[in-house]
Amino acid sequence: MLNSELIEKIFSSDKRAISRAITLIESNSDDSTFLLKEIHKQTGKAYRIGITGPPGAGKSTLTNQLTKYFLKENKSVGIIAVDPTSPFTGGALLGDRVRMNEIGIHPNVFIRSMATRGSLGGLSKKTVDASDVLDAAGFDFIIFETVGVGQSELDIANAADTTIVVLVPESGDSIQAMKAGLMEIADFFILNKSDRPGSDSAIMALRTILMMKDHKEDDWLPTIIKAIASENIGIDDIANEIYKHKTYLEQNDKLNLKREEHFRIRIKEIVEDIIRRELWLDERIAGLNGSLKKVIDRKKSPYEIAEKLVEDFKTKIKV
């Protein structure tokens, strides 16, 4: 059983304890579930920021500069850089941690790379669990920096209090294609590398889409901030917009409502994960494999096989 000393060290912001706890979470052991139950009472204080956008948009540089800004304000920052799963090791690539090396050694910063592990949304469920560890450890801000975007990468919005979508001038031609999914999750946009050609047309395309969106009188209206992260231009504006959005959520009683919805989604996912693990025991997988020939021979429908597996599962639960 997990000892209480590790949990106390997490509460005192011990980096080794935090790292060990996240490793436990990634291993999906029983200890990790116990840990997450025990630390929950100390979570809820950190403000969670999601930074997403296409590959090459400069998300890591923005995260780096934004972290420096918060450090100047004597805030602590936990960063979870979500990398594509390595095809060789199943782990996370370390590119982001290498690029953020200069802030990684700061006592008020903790950086961890985590693999997406096949998550379509680009944000592993384990990433959200890991953010709870950082929250319990007392970090003021937690930044999720996610893998390059696609239509399905929307679960960042179900983890962050403020979601930022980073684009570059070259994104202009693809903005129309993004509007059905990615564009809906942004609390505001950053046009990074805005000194490049095509900057004005990209902003115009964004504004056109934002103007077409229906909104109520008290809705938050996303803005577009121009930045050149590599030169630290626009970082103050980005930080101020985060604070502005945070204030808006708090003053309109929307932060708790947003987090309540996040927990609803998360609990459903946890339940589905528990049921999936219980359902697909070796004996049931063997039963499925043994039934496949009947399906191929058209003697049984896939639905019949599925229903029988579920009935067997229900019977076992009742017993």
Considering every residue within the range 293-302, establish whether at least one is in a helix (DSSP H, G or I), within 35 Å of the chain's Cα centre (by Cα), surrounded by fewer than 13 Cβ atoms within 10 Å (Cβ to Cβ) and outside the structural domain of THR127 (by TED's automatic domain parsing).
yes
Go over the candidates GLU145, GLU170 one by one and state the one that is closer than 15 Å to VAL82 by Cα, at pLDDT below 95 and touching a Lys or Arg at 6+ places or on another chain (Cβ under 9 Å).
GLU145
The residue from ASP236, ASP273 that alone is acidic (Asp, Glu), surrounded by fewer than 16 Cβ atoms within 10 Å (Cβ to Cβ), in the same structural domain as ASP200 (by TED's automatic domain parsing) and part of a helix (DSSP H, G or I) is ASP236
Condition test on LYS258, is it among the charged types (D, E, K, R), touching a residue at least 60 places away in the same chain (Cβ under 8 Å) and over 24 Å from ASP30 (Cα atoms)?
yes
Which residues, counting only those in the range 9-23, are assigned to a helix (DSSP H, G or I) and under 16 Å from ASP135 (Cβ atoms)?
LYS9, ILE10, PHE11, LYS15, ALA17, ILE18, SER19, ALA21, ILE22
All but one of (1) in a loop (DSSP other than H, G, I, E, B); (2) under 19 Å from the mean Cα position of the chain (by Cα) hold for ILE242, so report the exception by its number.
(1)
The condition from (1) of a type outside the set (Lys, Arg); (2) out of contact with any strand residue (DSSP E or B) (no Cβ under 6 Å at 6 or more places or on another chain); (3) under 28 Å from LEU66 (Cα atoms); (4) surrounded by 12 or more Cβ atoms within 10 Å (Cβ to Cβ) that TRP280 misses is numbered (3)
Failed item, numbered, when ASP96 is tested on (1) surrounded by 19 or more Cβ atoms within 10 Å (Cβ to Cβ); (2) modelled with pLDDT of 70 or more; (3) of a type in the set (Asp, Glu):
(2)
Kindly provide the set of residues from the range 251-264 that are assigned to a helix (DSSP H, G or I) and exposed (fewer than 13 other Cβ atoms within 10 Å of the Cβ), ordered by number.
GLN251, ASN256, LEU257, GLU260, GLU261, PHE263, ARG264
Could you please give the count of residues in the range 1-29 that are modelled with pLDDT of 90 or more, touching a helix residue (DSSP H, G or I) at 6+ places or on another chain (Cβ under 8 Å) and exposed (fewer than 13 other Cβ atoms within 10 Å of the Cβ)?
1
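The values are calculated or read from the model by the stated rules, or taken from the named source; none is laboratory data. Values in this document were obtained by computation on a predicted structure and should not be read as measured data. All Cβ positions, even for glycine, are placed from backbone atoms using ideal geometry, and neighbour counts span all protein chains on display.
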